[in-house]
Structures are given as structure tokens and as C-alpha cells.
Amino acid sequence: MAGEKEKMFKKILIANRGEIACRVIRTAHGMGIATVAVYSEADLDARHVEMANQAVCIGPAPAKESYLCIDKIIAACKETGAEAVHPGYGFLSENAEFCSRLEAAGIVFIGPKPHAIQAMGDKIASKKLAKAAHVNTIPGYTDVIEDADLAVTIAQDVGYPVMIKASAGGGGKGLRIAFNEKEVREGFQSCRNEAKKSFGDDRVFIEKYIEEPRHIEIQVLGDSHGNLVYLGERECSLQRRHQKVVEEAPSPFLDEAMRKAMGEQAVMLARAVEYQSAGTVEFVVGKDRSFYFLEMNTRLQVEHPVTEMVTGLDLVEQMIRVAAGEKLAFGQKDIKLDGWAMECRINAENPLRNFLPSTGRLIKYIPPRPITGHVRVDTGVYEGAEITTHYDSMIAKLIVHGSTRDMAIARMRDALNQFVIRGVVSNIAFQAALMQNQRFVSGNFNTGLIAEEYPKGFDTVDLPHDDPVMLVVVGAAIHRRYLERNATINGQLPGHEYKPGNDFVVLLNDVQYAVEAFRVEGGFNMVHAGDHYAIRSHWQFGQPLYRGTLNGEAFCMQVERVGLKYRLFHWGTQADLMVLPAHAATALRALMPHQVPAVVSRFLLSPMPGLLTAIVVAPGQKVKAGENLVVIEAMKMETVLKAEQDCVIGKLMAKPGESLEADQAIIEFR
């Protein structure tokens with residue numbers, strides 16, 4: 001062991017940004033290894049830059065001029081004396097040329113060797129290799145498809161529905177499902193466009209789409225001495241637009257025999273390319289329990305923390321040790337799965353607008369309190385940070401662990417209640433809704449759950465609270481606190497001091513609730529419809545989290561003043577309450593003005609901030625419902641806006657190449 005320790009790196013560079021860069025830095029520092037961060041001009045004040053021992057600016061905001069520039073990263077290694085590079089995920093993490101260039105420069109790549117990246121990183125080549133290795137593969141066409149006509153012919157031979165997929169793709173980019181010829185033609189072109197922009201490689205292939213599929217992946221780990229193990233599976237079937245939303249380990253669908261069969265196939269595939277480091281073999285699993293090789297990610301996965309939670313292993317540490325030449329300190333028989341782990345990806349996106357990206361400054365950012373072994377938050381942001389259109393929309397990853405799946409779900413619900421984000425729209429409420437979706441809770445779901453259950457996105461009003469009276473009494477207690485503060489204002493005339501009353505009417509979703517509030521030590525005793533509610537809390541004015549107990553049961557909900565109302569967030573429900581004195585409730589409510597919404601049907605509005613890359617119509621053109629109008633690019637994703645009904649194009653109010661704001665008018669219809 002002494003010799004092995006002497007070979008350990010003294011300094012490594014992290015060729016990435018955001019939460020994964022921070023996560024690698026934490027482990028490296030824990031191992032006594034110094035770190036170097038690289039950053040674009042847009043990331044000057046980023047968290048990973050602050051955490052690292054050294055930092056080097058490598059160019060402007062666009063990734064192709066900074067994080068994807070191999071020459072600049074190698075130069076940063078030489079400038080700082082970094083002996084090795086951890087690529088994180090995305091960017092250059094699966095780029096064989098990057099790995100080879102580092103090796104040629106005498107710098108260690110903390111990941112697999114170039115031949116493994118090349119063989120498995122290319123989805124077409126990897127499917128051929130998997131088939132040769134007798135690994136289950138999906139029917140399809142794995143050669144390069146040159147044009148849309150050939151794509152249609154192949155799709156008809158394979159049989160609809162088909163999946164069109166970029167060979168160098170990942171993260172849902174360059175992927176479409178097609179159920180007919182029209183969708184094949186449109187999907188083929190969109191996939192090529194996205195793949196070219198995101199990966200510099202526009203090759204696509206086609207395979208049979210497995211209906212009602214589950215997406216289950218196996219984590220593998222190998223060293224340079226021929227040792228290979230699998231670390232159980234991750235259930236990644238909760239997806240939106242083919243991007244994972246919630247991951248868990250283990251899978252509620254697998255039994256021990258199936259886990260062993262899939263694990264052994266994953267190891268067999270990894271062994272075929274002499275794989276070393278951490279990697280993931282992804283499978284699509286049918287409802288009949290058949291499973292097929294999908295792809296291999298020759299890097300660390302976003303969702304790796306759930307595997308760490310149930311195995312007790314630090315995968316980043318293992319990658320570093322393997323890259324330094326160490327042998328794995330354990331074998332397959334030593335791998336034990338303990339309990340259940342779940343991860344929610346907290347993204348800057350608007351569920352009400354079909355999950356389109358949201359940008360802006362994090363005016364308030366308060367993640368849940370970490371609990372060692374039970375609650376973990378991996379993030380690359382801080383309060384005051386800017387969420388821009390240059391990179392992906394991830395704000396943080398929230399990971400929890402419980403002894404059972406039900407306990408993990410309950411712990412995740414509590415943690416989501418405590419996650420405060422203001423300034424940008426996030427998907428926290430949607431994640432909380434998923435945690436109580438009956439299909440998910442039962443474990444009987446597939447990759448279509450989100451599209452089927454939330455076809456038009458998600459609105460908090462669509463999720464009624466299990467116990468609306470809980471919101472009502474808490475809202476009334478908060479209001480009573482404000483009235484008590486008003487009663488202490490100096491300068492009141494003796495004998496005419498303001499005295500808050502006890503009787504209130506709470507308006508929630510056009511329903512009136514009569515509530516009485518009585519001050520007691522440490523809180524209030526509330527009465528509604530003859531039922532008593534004891535609220536105890538040390539909440540202070542301005543705190544976004546209201547922690548306390550209700551009839552002895554601990555709870556936490558978010559609270560915010562919005563004009564005259566109180567906005568409460570709990571278990572995914574966002575509720576706006578107005579609390580009025582009982583004697584004036586009816587009279588005051590009658591005086592409240594009703595705002596008439598503006599008429600915007602004459603305009604095509606941008607649903608998100610982004611870059612207008614194309615307008616495919618012209619003034620005076622007649623357009624049928626469903627035809628394409630414009631193309632917008634944001635956070636590396638291409639969105640095509642289509643006509644909702646037959647119309648005639650009037651004035652073009654924006655130009656291709658223009659940066660759009662949310663709700664900015666693009667086209668005026670006649």
C-alpha cells in the first residue's frame with residue numbers, strides 16, 4: 001500500500017463546471033489532492049472556481065470556445081502542474097481525442113482508455129460490439145443514415161414506432177420518437193441539427209422503440225488489473241423529453257435473479273473493451289422483463305449519488321484511485337445494497353410552460369439541511385448566482401436515503417418542502433407532485449409516466465393539498481403574528497391601542513374558512529369547524545421556512561408575502577391565501593378588483609428566454625395548424641414552435657439570431 005500511496009496524484013484539474021466540478025473537488029480535497037478549476041468568462045464567480053485551490057480562465061461563455069477547447073485545457077494543466085484531469089460528465093468526458101491528447105502530453109485522464117471511449121461512446125459501434133459479445137440488443141439499423149428518405153425506408157422496415165437517435169448523443173439531445181413517416185422526416189432533421197450543435201457529430205441511427213419501457217442502468221467499475229464489478233442498478237424511468245427527472249437505487253421492478261443477469265451482461269460488455277474506471281451500461285426493459293442493451297456511458301453519470309448511497313462507495317474516489325494505478329479493494333461478493341436512495345434533479349425550468357428553461361438570478365437559495373447518510377445536496381450554485389442560457393438548467397441534485405422505498409419517498413417529500421428557490425422558476429413543486437403520484441409510489445410505472453400524466457406541463461393548482469385546513473390554520477396563525485407586531489407600533493394613543501382580534505375568514509381557492517386564533521405560549525391554538533389545532537413554532541418575520549408542529553406532528557412549509565396574500569408551499573401544492581377579519585370579510589371581498597387578462601392570441605410569444613435560430617414562415621403566408629413557425633434554442637435544446645390553428649402570418653417582430661425574452665412577441669397574425 002505504501003507504494004500505491006506514493007503514486008497518488010498531488011494535483012488534478014477538473015475539466016467541467018457546476019455541481020459535478022464541485023462534487024469532484026470535495027472528494028479530491030478529502031483525499032488530500034489539490035485541485036484546479038477551469039472556467040469561462042461567464043463563470044468567473046462560479047462556486048467551483050471558489051472551491052478549487054487554483055483556477056484558470058479558458059475563454060468566453062460559449063462552451064465550444066471554453067469547456068470544449070482541448071488545447072486550452074491542456075495548457076491549463078501545464079500552467080498549473082496538474083498531473084491528471086477529471087472530466088466530470090458532458091463536455092469532453094466521452095471524447096476519445098481529448099483522452100489521447102492528454103496521454104500524449106503526459107497527463108492522466110481520470111476515466112477509461114481512448115479505445116473504450118471510442119468503442120462504447122459511439123452508439124452505432126457499441127451496438128455492433130454488444131451484439132458480437134452476445135449481449136441482448138434492440139432490433140434496428142446501426143449503420144449511418146445519410147438522408148431522410150433512407151430514414152423513412154428503414155423505419156418502415158423496422159416497424160413503427162421507431163427511435164431516431166444521435167450516434168454521439170446524450171442527455172436527451174438528438175433523440176426523437178416517430179410514429180409515422182412525417183415524424184421520421186421532421187425528427188431526422190431535428191436530431192441531426194441538435195447533434196451537430198451539441199456534439200459536433202450529426203450521425204443518427206434508428207431502432208425499434210420498446211413501448212411501455214423502463215430505463216434501468218447498471219453501474220460498473222473496473223481497474224487496470226482486469227478486475228470488474230457491477231454495483232447494482234439504478235431505475236431511471238421517470239423521464240421528460242428523454243431526460244431523467246428522478247432516479248433511484250435499487251429498482252422496484254428488478255428481483256435478485258434479474259439484477260444478477262443484467263449485471264453480468266454489463267460486466268461482460270465492459271470486459272470486451274477492457275474497461276477501467278466507472279461506467280454505466282444502460283438497458284431498456286420491457287414489461288415482460290426482457291431487457292436490451294441501449295448504450296454505455298463511459299463516464300460518471302449525473303445520478304451516481306444514489307449508487308453511492310446504497311453501496312457506501314465514493315465513485316469519484318474510486319475513479320481517481322483506478323487512474324492512479326490502484327487495484328479495486330473489493331470484489332463482486334463484497335458489494336451489498338443497503339436500503340433505498342432517490343435523487344431529484346432540481347432544474348431551472350417552468351413546469352407550467354411545458355418545462356421550458358427559466359433564467360435569472362437566484363434571489364434566494366436555501367437547500368435542505370444535509371443529514372449524513374440520509375439527505376445530500378450536490379450543487380454548483382449559491383444565493384445571488386446567475387442562471388444563464390449558456391449551459392444546462394440544473395441547479396442542484398437532491399439525494400435522500402431510507403431503509404425502505406416508502407421511507408425514501410417520505411424523506412424526499414420533506415426535503416422538497418425545505419428547498420427554497422426564488423428569482424427563477426424551478427421544478428421543485430413538480431418533483432413534489434411526482435413523490436405522491438400513485439403510479440410512481442406503487443412502483444408500477446415506465447418512461448411514459450410524465451408525458452401521460454402531465455401532457456400539458458404541470459401547474460400547482462392541479463395538485464390539491466391532502467389537507468387544505470392545514471394550510472388555512474397555518475396561514476391564519478402567520479397573519480395573527482403580523483397583527484400582533486402591528487399592535488406594538490409606537491405612538492398609539494392611550495386607550496385607543498390596536499388590539500388584534502381572534503376571528504378570521506381565510507379565503508383559499510374561492511372557499512371561505514372561519515378560523516379562530518388564540519395566542520398561547522410558543523404559538524397558537526386554532527379552531528375551525530369545532531376542531532382544534534395546536535400550532536407551535538419559533539418562526540420569525542421574513543423567514544421563508546415556517547417550521548413547527550401541528551398537534552404535535554413536525555412540519556415545514558414555505559411562506560411568502562405576495563401583496564395582501566400569503567403564499568404557502570407544501571407537498572407540491574402552492575396556495576395563495578387571504579386572511580381577513582371575520583366582521584369585514586364579505587364587505588372587503590366585494591371591493592376587490594378583478595383583473596381582465598390581456599388578449600395575446602394575435603401574437604406568437606416566446607415561451608422562454610433563448611436564441612431565435614430560424615423563422616420558417618413569411619408575411620402573408622397561409623399556415624395550417626401543426627406547421628412549423630420558428631425554432632428557438634436554449635440551454636443546448638432546440639424547440640420548434642408550431643401553429644395551434646390555421647392562420648395567416650402578419651408582421652415578423654423578431655429576427656433570427658436575436659436573443660428573446662420570455663413572452664416576447666415573435667410573430668403577429670392577421
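Quick note: the coordinates plus some simple rules give every number you see, no bench work behind them. Values in this document were obtained by computation on a predicted structure and should not be read as measured data. Backbone-built Cβ (ideal geometry, glycine too); neighbour counts: all protein chains shown.
Remark on Asp392: its backbone amide H falls under 5 Å from none of the residues 5 or more positions apart or on other chains, H modelled at 1.01 Å from N. Summarised in one figure, the compactness ratio Rg/Rh of the stretch 139-208, Cα atoms and Kirkwood Rh, is 0.92. Volume of the convex hull of the stretch 468-591 (Cα atoms only), normalised per residue: 128 Å³. What is the calculated FRET efficiency for Lys364 to Cys556, with r their C-beta to C-beta distance and R₀ = 22 Å, to the nearest 0.05? Efficiency, rounded to the nearest 0.05: 0.90.
Considering only Val246, Cys191, Phe293, and ranking their Cα positions along the charge dipole of the stretch 152-294 that arises from unit charges at the beta-carbon of Lys, Arg, Asp and Glu, the one farthest toward the positive end is Cys191.
Net charge of the neighbourhood of Thr137, taken over other residues with C-beta under 12 Å away and scored Lys/Arg +1, Asp/Glu -1, is +3.
Using the basic label-point model (7 angstrom from Cα toward the beta carbon), what is the Gln436 to Asp334 distance in nanometres? Going by the 7 Å Cα→Cβ label model, 4.4 nm. Taken about its Cα centre, the stretch 139-208 carries a charge dipole of roughly 320 debye when the Cβ of each Lys and Arg holds +1 and the Cβ of each Asp and Glu holds -1.
A full extension of the chain between Ala625 and Asp466 corresponds to an added length of 53.3 nm, given 0.36 nm per residue minus the alpha carbon distance. Between the stretch 506-555 and the stretch 229-302, the C-alpha centres lie 47 angstrom from each other. The rule of thumb for compact globular proteins, 2.2 N^0.38 Å, goes into the C-alpha radius of gyration of the stretch 603-669 1.01 times.
Amide H to amide H under 5 Å from Asp202: which residues, 5+ apart in sequence or cross-chain, H placed 1.01 Å off N in plane? HN-HN under 5 Å from Asp202: empty list. Which of Val520, Ile14, Val648 sits farthest toward the positive end of the charge dipole of the chain, with +1 on the Cβ of Lys and Arg and -1 on the Cβ of Asp and Glu? Going by the Cα projections, it comes out as Val520. Give me the net charge for the shell around Tyr566: Cβ to Cβ below 13 angstrom, other residues only, Lys and Arg +1, Asp and Glu -1. Net of charged neighbours comes to +3.
Note on Ser224 and Glu79: with the Förster distance fixed at 22 Å, the Cβ-Cβ geometry gives a FRET efficiency of about 0.20. What residues from the stretch 213-252 fall in the zone where the backbone N is under 19 Å from a label point 7 Å along the Cα-to-C-beta line of Lys327? Once the point is set 7 Å along Cα→Cβ of Lys327, 221-230 turn out to lie under 19 Å by backbone N, inside the stretch 213-252.
Look at Arg536, Arg299, Arg47, Arg547 and count the other Cβ atoms within 10 Å of each Cβ; fewest to most, that gives Arg547, Arg536, Arg47, Arg299.
3J(HN,Hα) couplings calculated from phi for the stretch 652-663 with the Karplus curve 6.51 cos²θ - 1.76 cosθ + 1.60 (θ = phi - 60°) are, in sequence order, 8, 9, 8, 10, x, x, 7, 7, 9, 9, 4, 6 Hz; Gly and Pro show x. With both labels modelled 7 Å from their Cα along Cα-to-Cβ, the Thr372 to Leu150 distance reads 5.8 nm. Here the chain is assigned +1 on the Cβ of each Lys and Arg and -1 on the Cβ of each Asp and Glu. Its dipole about the Cα centre then comes out at about 660 debye.
Derived scalar couplings between HN and Hα for the stretch 113-128 equal 6, x, 5, 6, 4, 5, 5, 9, x, 8, 5, 5, 5, 5, 5, 5 Hz in order, rounded to whole Hz, by the Karplus curve 6.51 cos²θ - 1.76 cosθ + 1.60 (θ = phi - 60°), x for Gly and Pro. Between the DSSP loop rule and a limit of at most 15 other Cβ atoms within 10 Å, which chymotrypsin sites (Phe, Trp or Tyr not before Pro) in the stretch 159-252 are left? Answer by residue number: Phe179. Taking amide hydrogens as placed 1.01 Å from N in the peptide plane, the amide H of Arg299 sits under 5 Å from those of Thr280, each at least 5 positions away in sequence or on another chain.
Give the separation of the Cα centroids, the stretch 400-420 to the stretch 19-82, in Å. First find each Cα centre; the distance between them is then 33 Å. Taking Cα atoms only, the orientation of helix 256-272 departs from the longest principal axis of the chain by about 50 degrees. Out of all Cα-Cα pairs in the chain, roughly what percent, to the nearest whole number, are more than 33 Å apart? Every Cα pair in the chain considered, those over 33 Å come to 53 percent.
When Thr549, Thr573, Thr142 are arranged by Cβ crowding within 10 Å, least crowded first, meaning fewest neighbours, the order is Thr549, Thr142, Thr573. Relative to the longest principal axis of the Cα atoms of the chain, the long axis of helix 18-30 lies at roughly 70 degrees.
What's the angle, to the nearest 10 degrees (0 to 90), between helix 181-199's Cα axis and the longest principal axis of the chain? Tilt of helix 181-199: around 80 degrees.
Counting beta carbons within 10 Å around each of Ile70, Ile335, Ile33, Ile428 and listing the fewest first gives the order Ile70, Ile335, Ile33, Ile428. Partners of Lys327 within straight-line reach, counting aspartates and glutamates whose Cα lies under 13 Å from its Cα and excluding those fewer than 8 residues away in the same chain: Glu4, Asp223, Glu317. Placing a label point 7 Å from the Cα of Glu50 along the Cα-to-Cβ direction, the residues of the stretch 384-407 whose backbone N falls under 18 Å of that point are 384-388, 395-397.
Rounded to the nearest whole Hz, the Karplus-based 3J(HN,Hα) values (6.51 cos²θ - 1.76 cosθ + 1.60, θ = phi - 60°) of the stretch 469-486 follow the sequence 5, 4, 4, 4, 6, 5, x, 5, 5, 5, 4, 4, 4, 4, 5, 4, 5, 4, with x at glycine and proline. In this label model, Asp143 and Ala665 are separated by 5.3 nm, measuring between points 7 Å along each Cα→Cβ vector.
Each Lys or Arg adds one and each Asp or Glu subtracts one; over the other residues with Cβ under 9 Å from the Cβ of Lys165, this totals 0.
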